[in-house]
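Presented below is the structure to which this report refers.
The values are calculated or read from the model by the stated rules, or taken from the named source; none is laboratory data. Quick caveat, the model's predicted, so the values are computed rather than measured. Note that each Cβ is placed from the backbone with ideal geometry, even for glycine, and that neighbours are counted across all protein chains shown. What goes into the accessible areas is simple: the full protein's heavy atoms, side chains included, and nothing from ligands, DNA or RNA. Shrake-Rupley method; radii C 1.70, N 1.55, O 1.52, S 1.80 Å.
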Amino acid sequence: MENFELKNIILQIQPDAIFVLTDKNTHRFCLPLLENNLQNVDYKEIIIAAGDENKNIKTLTEIWQFLSENCATRKSLFVNVGGGMISDIGGFAAATFKRGMRFVNVSTTLLAAVDAAYGGKTGINFNGLKNEIGAFAKPEKTLINVDFFKTLDTKNLLSGFAEMLKHSLLSGYALLNETLNFDLEKFDLTELDFLLQKNILFKQSIINQDFTENSERKILNFGHTFAHAFEAFFAKENPVLHGYAVAWGMVCELYLSFVKYNFPKDILLQINYLIKTFYGKPNFSCKNYEILYNIMLHDKKNAAQTINFVLLTQVGQPKIDQQATKEEIWECFDFLREN
Ligand code: GLY
């Protein structure tokens, strides 16, 4: 990765020390790809255990401890090399150590590149709740190189692609058509790169309007009300990748959009077909509806016992803070299972 920008950023910032955060996988598979950029650079590496279950206060304390023992200052630079787990916990560690040091995200998964590493959401899980403790803190830069994605399996690529599909439905027909034309059988990384740049521009345009998610940014939660319920429901026995849950959640929320706002049926059916073909169907029955509904009811993003959705009146026309009846929600589960 000769032309990767990390080297230039280090030259520009001239930090007094550099700390690189990796997990056991990115240490092994991704850090070697940065060799050119880190040649003759004096840095210290912090390697943590991989997996969202380690995005917790214990790991965070280990990172703070390391920074403290190695005399990090506010003039040091923190480099997160990894997926969303790394940019979340690393961003939070950097944002809070000595009230904040600069950090750069090097995204090594498609999901992080299209979602977690952009937009400044950082944090850890706490008390059994995802991202319960955190802060909005902007990275100095988010660096992406699709060469990293060669280390990913198809499921992880598809997981990231679901968030791209989400952006395209929120953005409009131009991006949606380009996204639907992307060949998921081939997964060509050069083509993906073009599409990814457009996704990042779209996400940036939303974040620039509403960094701390008081209004416009909420549209990025499209598909996620159902998705969080699916993730929580399957978590213990048979965990699903985030993007798979988002894909199924989008089918449900598009169906709800069709029922409540007459969202175009042909697009609903086209998206449903794509998702069924590449992501399959979640394994649940009508006996599980009540429990899924209860998970949705207790989602921390709700206010006063209402379940909030982002719905689309048309491609590219989202509406935030929408509600639905229990019957309507159950109908969405039926649609997802039966179509
Ligand atoms: N993942 C949605 C957001 O960054 O707001």
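Descriptive notes on the structure:
Quick grid of which residues meet (1) within 12 Å of the ligand (Cβ to nearest atom); (2) out of contact with any helix residue (DSSP H, G or I) (no Cβ under 7 Å at 6 or more places or on another chain):
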residue: ALA94; (1), (2): no, yes
residue: ARG102; (1), (2): no, no
residue: VAL106; (1), (2): no, no
residue: VAL114; (1), (2): yes, no
residue: ALA117; (1), (2): yes, no
residue: PRO139; (1), (2): no, no
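- When we screen PHE19, PHE29 for residues that are within 26 Å of the chain's Cα centre (by Cα) and open to solvent by 90 Å² or more (accessible area, probe 1.4 Å), the only hit is PHE29.
- Any hit, segment 232-243, residues being open to solvent by less than 30 Å² (accessible area, probe 1.4 Å), closer than 25 Å to TYR293 by Cβ and within 16 Å of the ligand (Cβ to nearest atom): yes
- Flag for ILE124 being modelled with pLDDT of 95 or more, within 12 Å of MET85 (Cβ to Cβ) and surrounded by fewer than 24 Cβ atoms within 10 Å (Cβ to Cβ): yes
- Those helices (runs of 4 or more DSSP H) lying entirely in segment 249-339 with at least 3 residues within 30 Å of GLU132 (Cβ to Cβ): 289-297, 326-338
- Condition broken by SER68, with the remaining ones in (1) more than 24 Å from the chain's Cα centre (by Cα); (2) of a type in the set (Gly, Ala, Ser); (3) closer than 21 Å to ILE9 by Cβ satisfied: (3)
- With respect to the conditions (1) modelled with pLDDT of 95 or more; (2) closer than 19 Å to ALA235 by Cα; (3) open to solvent by 10 Å² or more (accessible area, probe 1.4 Å), GLY134 falls short on a single one, namely (2).
- Filter pass, LYS218 being away from the ligand (no atom under 15 Å from the Cβ), of a type in the set (Lys, Arg) and either under 21 Å from THR122 (Cα atoms) or at pLDDT 95 or above (or both): no
- In this structure, THR179 does not qualify as open to solvent by 10 Å² or more (accessible area, probe 1.4 Å) and away from the ligand (no atom under 11 Å from the Cβ).
- Test result for LYS55, open to solvent by 20 Å² or more (accessible area, probe 1.4 Å), touching a residue at least 12 places away in the same chain (Cβ under 8 Å) and charged (D, E, K, R): no
- Which numbered condition GLU191 misses (of (1) touching a Phe, Trp or Tyr at 6+ places or on another chain (Cβ under 9 Å); (2) in contact (Cβ under 8 Å) with a residue 12 or more places away in the chain; (3) surrounded by fewer than 16 Cβ atoms within 10 Å (Cβ to Cβ)): (2)
- Selection status of ARG74, among the charged types (D, E, K, R), surrounded by fewer than 24 Cβ atoms within 10 Å (Cβ to Cβ) and in contact with a helix residue (DSSP H, G or I) (Cβ under 8 Å, 6 or more places away or on another chain): yes
- Criterion (within 15 Å of the ligand (Cβ to nearest atom), hydrophobic (A, V, I, L, M, F, W, C) and open to solvent by 20 Å² or more (accessible area, probe 1.4 Å)) met by exactly one of PHE258, PHE211, PHE278: PHE211
- Residue check, ILE63 open to solvent by less than 20 Å² (accessible area, probe 1.4 Å) and touching a residue at least 60 places away in the same chain (Cβ under 8 Å): no
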